[in-house]
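J.: There's a structure below that I have some questions on.
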Amino acid sequence: MPESNTETTVYTSRNFSINCGGVIHDPDKNLYLIVANRVGASGDISYSYKLPKGQKTETEDLLTTAIRESRRETGVTTTSMALPPDLAEEDMDIDDDDEEIIPGEDMYTTEPIAITHSLWDEGSYTIMCLTFWFALQANSERFPCQTLQEFGASDIQLTTTRRERQQQRGKQRSPIWVTEDEALELLSKEDDKEVIKQMAGLLRVKKNWEQLRDERDY
């Protein structure tokens, strides 16, 4: 690896925080699970939308944290999803017939698909927050969280009885299944949107490679 020609900064253990998040996907229905967080008091309700994530403990590996924190924030049990490596087109090997070699599933990886970072000013020092994002999968029929349409229909402003309003006020966090387009429209942070784009792109590569392999086998 070439040496960096830019100025670097050392962050000691008290100056950084490691977080892990999950990009949860239902392969059968091509849906993503995001989290709606309620903001505001009754009469002025709004929502912010994010991908589930949380802080790593000292005894965990990164993937374990992503799975645990995803379950903590959504209630959904997930498993790791292996995806194709994120190769540039020029990195693909060429065989003797000048045909692109399609990597087999043994080349797929469960390593993070993206890393985001942010800096927090704590007055006398700065904390760097690193978030490692992992591709996770779950079955939306087994874990039937609301769709965006169902979530919108249950908004507190549309409830009619006192009991319904009280139940909705107590629900601070709601996981919802959304399409790729809905996720890109709703997510509050641009970083989360970029992570969804990365995940969706790798899923399309996986689908294309599977189709090419099936055609060659045929």
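The values are calculated or read from the model by the stated rules, or taken from the named source; none is laboratory data. These figures come from a predicted structure and were not determined experimentally. Neighbour counts run over all protein chains shown; Cβ positions are idealised from the backbone, glycine included.
J.: Which members of region 56-73 meet the condition of being of a type in the set (S, T, N, Q) and modelled with pLDDT of 95 or more?
T.: THR64, THR65, SER70
J.: Next question. Residues in region 180-216 that are in a loop (DSSP other than H, G, I, E, B) and surrounded by fewer than 17 Cβ atoms within 10 Å (Cβ to Cβ): how many?
T.: 2
J.: State all residues of region 10-47 that are out of contact with any helix residue (DSSP H, G or I) (no Cβ under 9 Å at 6 or more places or on another chain) and either closer than 15 Å to LYS189 by Cα or at pLDDT 95 or above (or both); if no residue qualifies, say none.
T.: Correct list: ASP26, ASP28, LYS29, ASN37.
J.: So, one more: Among (1) under 24 Å from GLU190 (Cα atoms); (2) in a loop (DSSP other than H, G, I, E, B); (3) polar (S, T, N, Q), which single condition is THR57 missing?
T.: Result: THR57 passes all but (1).
J.: Just checking, does region 131-154 include any residue being modelled with pLDDT of 85 or more, within 30 Å of TYR11 (Cβ to Cβ) and not hydrophobic (A, V, I, L, M, F, W, C)?
T.: Yes, the conditions are met somewhere in region 131-154.
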